[in-house]
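Enquirer: Here it is: the structure, laid out below.
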Amino acid sequence: MHGGLAGMMHGLASQDGVASDPLNRLDERGMDRKSERSGERGATRVRSRVTIRKDDVQVPAPFAYERATSVDHALELLERLGPEARLLAGGHSLLPMMKLRVAAPEHLIDLDPLAVQLGYIREQAGEVRIGAMTRHREILASDLLARRLTMFTDAERLIADPLVRNRGTIGGALCQADPAEDLSSVIAALQGRAVIRSRSGEREVAMREFHVGPYETVVGEAEMLIEVRVPLREGAGSAYEKVKRRAGDWAVAAVGAALWLSGGTIEGAGIGTTAVGGGVTSERAEAALVGERPAEEVFDRAAEIAAEDCDPVADQRGSVDYKRHLTAELTRRALRRAAARALGAEA
Amino acid sequence: MQITMTVNGEEYTREVEPRMLLTHFLRDELGLTGTHWGCDTSNCGTCSVLMDGDPVKSCTVLAATASGHQIRTVEGLEVDGVLDPVQQGFSEMHGLQCGFCTPGMMMTARALLDENPNPTEAEIREAISGQICRCTGYATIVRSIRWAADHPAAATHTEEVAS
């Protein structure tokens, strides 16, 4: 592990999510490129040979492997094995990072056997509850979410690609806490909460407070995210708008908007932004919407504020100005669709 | 550690390192080299196999995780000398040039047709959107999959081809 990144990896939330482009992502974050270069060299060398020697194959560093048989068992293992243990959910962020040796946990606790137990989307007590091992594919296919929390469906259509969505999980994505990850802003905009469990009990954290920073969440070393809860409200409509360069790529920018209408007036609003820095929501843009009636000039004002609140970094996906422009435009589009859905004008 | 998984209907038990990836398990331990090993970063999809019926990128699944699951590889498409309609489709419609992406493309096509026997062109394109053909032969790949949808009975078609 390398200097700055090693520090960041320590205390990292340990489940994994979706990283379809880890080389670019690491590069973009301005981290040490040494691991990337050596990884590429290794791969080239391997391909030029007829016989592949085991040492040449790009594989993770050695680790001890455990299979969790229950949530309690996973928590017990986390406590016993200590901070060098990591939870493995779908594996599509953590395994690529381990191959690049930017992550090298001593112990891996595989949650795959919990895919059934923690794989669910259900309506209960006025909210939708989603188990942490629910795969992206299941979220995309959910009629309940498509009907009541459409922002999830919009976002899932454009997360990674269908094969990655077959493995990647909501819990892994959230705990990986990549700044370009979509579901964090979706759930934050919808005012959802994360249920975190440890051996001593359970606590709920608002998704808006879930992230401590890039790749860092409030989930402690002996804790595990087990469920996401999103409230269901009347007069609600939501939408997610994303721009990406090609299929499977991460967002250049994305915005999720939720509106809760009562008698034609906006009673509540949620604005989540992805990949543009400056926090996962724009609370000032939300405040500008509340009490107004849905209209273009109202959306324009909120869009302007969201663009002010974001803090994008220039990279191969675009300049700061372009990303700021996108943030405003996508906020406008998401608000229009959210309002149309709230008014029942759109199925 | 010891793992046991079912590959193309046959059960295999092997002693492996926990860090061994499913691609390498299939290729190096079982000698099933039909599954190709490409980018190793879950971008290209040439390593795609079916895990309990769903296509996954086997370079990003631990063999240990796949233990206890049902795996199907390109070697499992042909049954008793009869090609799967997907394989016939790739042959009929020239769905491959260099052939490197082909095993992954065919496995995803098989899973798509199992779930949706009559996909639209858009649905086919979406299904293979996680896979890269560096020969850029996407149009013929889409046609090949569509051909397989139009000719679901492999055995019948083998006779047609022969005659």
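Enquirer: Applying the selection to segment B:27-65, what residues are over 24 Å from A:V116 (Cβ atoms), in a helix (DSSP H, G or I) and more than 8 Å from chain A (Cβ to nearest Cβ)?
Expert: B:R27, B:E29, B:C59, listed by residue number.
Enquirer: Can you tell me which condition A:E36 does not meet? The list is (1) at pLDDT below 95; (2) more than 12 Å from every other protein chain (Cβ to nearest Cβ), and all the others hold.
Expert: Failed condition: (2).
Enquirer: Does segment B:52-89 hold any residues that are within 13 Å of B:R110 (Cβ to Cβ) and touching a His at 6+ places or on another chain (Cβ under 8 Å), and which are they?
Expert: Those that are within 13 Å of B:R110 (Cβ to Cβ) and touching a His at 6+ places or on another chain (Cβ under 8 Å): B:P85, B:Q88, B:G89.
Enquirer: Then there's this: Can you run down the residue pairs with Cβ atoms below 9 Å, 6 or more apart or on separate chains, where the first is in segment B:2-25 and within 12 Å of chain A (Cβ to nearest Cβ) and within 18 Å of B:T46 (Cα to Cα) and the partner is open to solvent by 60 Å² or more (accessible area, probe 1.4 Å) and β-branched (V, I, T)?
Expert: Close Cβ pairs (under 9 Å, with a partner that is open to solvent by 60 Å² or more (accessible area, probe 1.4 Å) and β-branched (V, I, T)) amount to B:H24/A:I52.
Enquirer: Could you list, in sequence order, the residues of segment A:258-289 that are under 18 Å from A:T150 (Cα atoms) and either of a type outside the set (V, I, T) or assigned by TED's automatic domain parsing to the domain that holds A:E216 (or both)?
Expert: A:A258, A:L259, A:W260, A:L261, A:G268, A:A269, A:G270, A:G272
Enquirer: Looking at segment B:6-26, which of its residues are assigned to a strand (DSSP E or B), of a type outside the set (A, V, I, L, M) and crowded, with 16+ Cβ neighbours inside 10 Å?
Expert: B:Y12
Enquirer: Based on this model, can you work out whether A:E308 counts as open to solvent by 10 Å² or more (accessible area, probe 1.4 Å) and either farther than 29 Å from A:I170 by Cα or not assigned by TED's automatic domain parsing to the domain that holds A:A155 (or both)?
Expert: Here the answer is yes, as A:E308 does meet what is asked.
Enquirer: Here is a further query. Working only within segment A:154-165, note down all residues that are within 14 Å of chain B (Cβ to nearest Cβ), assigned to a helix (DSSP H, G or I) and out of contact with any His (no Cβ under 8 Å at 6 or more places or on another chain).
Expert: Correct list: A:R157, A:P162, A:L163.
Enquirer: So, of the residues in segment A:75-108 that are of a type in the set (A, V, I, L, M, F, W, C), touching a helix residue (DSSP H, G or I) at 6+ places or on another chain (Cβ under 7 Å) and in a helix (DSSP H, G or I), which turns out to be modelled with the lowest pLDDT?
Expert: Residue satisfying both the conditions and the ranking: A:M97.
Enquirer: Just to be sure before I move on: is A:G82 outside the structural domain of A:A194 (by TED's automatic domain parsing) and within 24 Å of B:M20 (Cβ to Cβ) in the structure I sent?
Expert: Considered against the rule, which asks whether it is outside the structural domain of A:A194 (by TED's automatic domain parsing) and within 24 Å of B:M20 (Cβ to Cβ), A:G82 comes out as no.
Enquirer: Something else about it: How many residues, within segment A:123-151, are under 26 Å from A:A269 (Cβ atoms) and either not in a helix (DSSP H, G or I) or not assigned by TED's automatic domain parsing to the domain that holds A:D182 (or both)?
Expert: 10
Enquirer: Test each condition in (1) farther than 28 Å from A:K323 by Cβ; (2) surrounded by fewer than 21 Cβ atoms within 10 Å (Cβ to Cβ); (3) touching a helix residue (DSSP H, G or I) at 6+ places or on another chain (Cβ under 6 Å) for A:L225 and report the one that comes out false.
Expert: Evaluating A:L225 over (1) farther than 28 Å from A:K323 by Cβ; (2) surrounded by fewer than 21 Cβ atoms within 10 Å (Cβ to Cβ); (3) touching a helix residue (DSSP H, G or I) at 6+ places or on another chain (Cβ under 6 Å) leaves (2) as the failure.
Enquirer: For the condition touching a residue at least 24 places away in the same chain (Cβ under 8 Å) and open to solvent by less than 30 Å² (accessible area, probe 1.4 Å), what is the one hit in A:G264, A:G291, A:G278?
Expert: Exactly one of A:G264, A:G291, A:G278 is touching a residue at least 24 places away in the same chain (Cβ under 8 Å) and open to solvent by less than 30 Å² (accessible area, probe 1.4 Å), namely A:G264.
Enquirer: Moving on. Here is a list: A:P83, A:P60, A:P113. Which entry is at the interface with another protein chain (Cβ under 10 Å from one of its Cβ atoms) and surrounded by fewer than 19 Cβ atoms within 10 Å (Cβ to Cβ)?
Expert: A:P113 is the lone residue from the list that is at the interface with another protein chain (Cβ under 10 Å from one of its Cβ atoms) and surrounded by fewer than 19 Cβ atoms within 10 Å (Cβ to Cβ).
Enquirer: Condition first: open to solvent by 10 Å² or more (accessible area, probe 1.4 Å) and in a helix (DSSP H, G or I). Now tell me which residues in segment B:112-132 satisfy that.
Expert: Across segment B:112-132, the qualifying residues are B:L112, B:L113, B:D114, B:E115, B:E121, B:A122, B:E123, B:R125, B:E126, B:A127.
One line per residue, one yes/no per condition, for (1) without any contact (Cβ under 8 Å) to a residue 24 or more places away in the chain; (2) of a type in the set (A, V, I, L, M, F, W, C); (3) in contact with a Ser or Thr (Cβ under 6 Å, 6 or more places away or on another chain):
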site	(1), (2), (3)
B:S58	no, no, yes
B:A66	no, yes, no
B:G81	yes, no, no
B:M106	no, yes, no
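Enquirer: If we scan segment A:189-207, do we find a residue that is under 14 Å from the mean Cα position of the chain (by Cα) and under 25 Å from B:T65 (Cβ atoms)?
Expert: yes
Enquirer: Could you tell me whether B:G68 is surrounded by fewer than 20 Cβ atoms within 10 Å (Cβ to Cβ), at pLDDT 95 or above, within 14 Å of chain A (Cβ to nearest Cβ) and under 22 Å from B:A149 (Cα atoms)?
Expert: Answer is no for this residue.
Enquirer: Among the residues of segment A:228-278 satisfying the criterion of being of a type in the set (K, R) and touching a strand residue (DSSP E or B) at 6+ places or on another chain (Cβ under 8 Å), which is modelled with the lowest pLDDT?
Expert: A:R245
Enquirer: Okay, next question. Taking the conditions exactly as written (more than 22 Å from the chain's Cα centre (by Cα), surrounded by fewer than 22 Cβ atoms within 10 Å (Cβ to Cβ) and touching a residue at least 60 places away in the same chain (Cβ under 8 Å)), does A:G235 satisfy them or not?
Expert: yes
The values are calculated or read from the model by the stated rules, or taken from the named source; none is laboratory data. Fair warning: this is a prediction, and the values are worked out from it, not measured in the lab. Glycine gets a Cβ as well: all are built from the backbone with ideal geometry, and neighbour counts include every protein chain shown. Accessible surface is based on the protein model in full, side chains and every heavy atom, while ligands, DNA and RNA are left aside. Shrake-Rupley method; radii C 1.70, N 1.55, O 1.52, S 1.80 Å.
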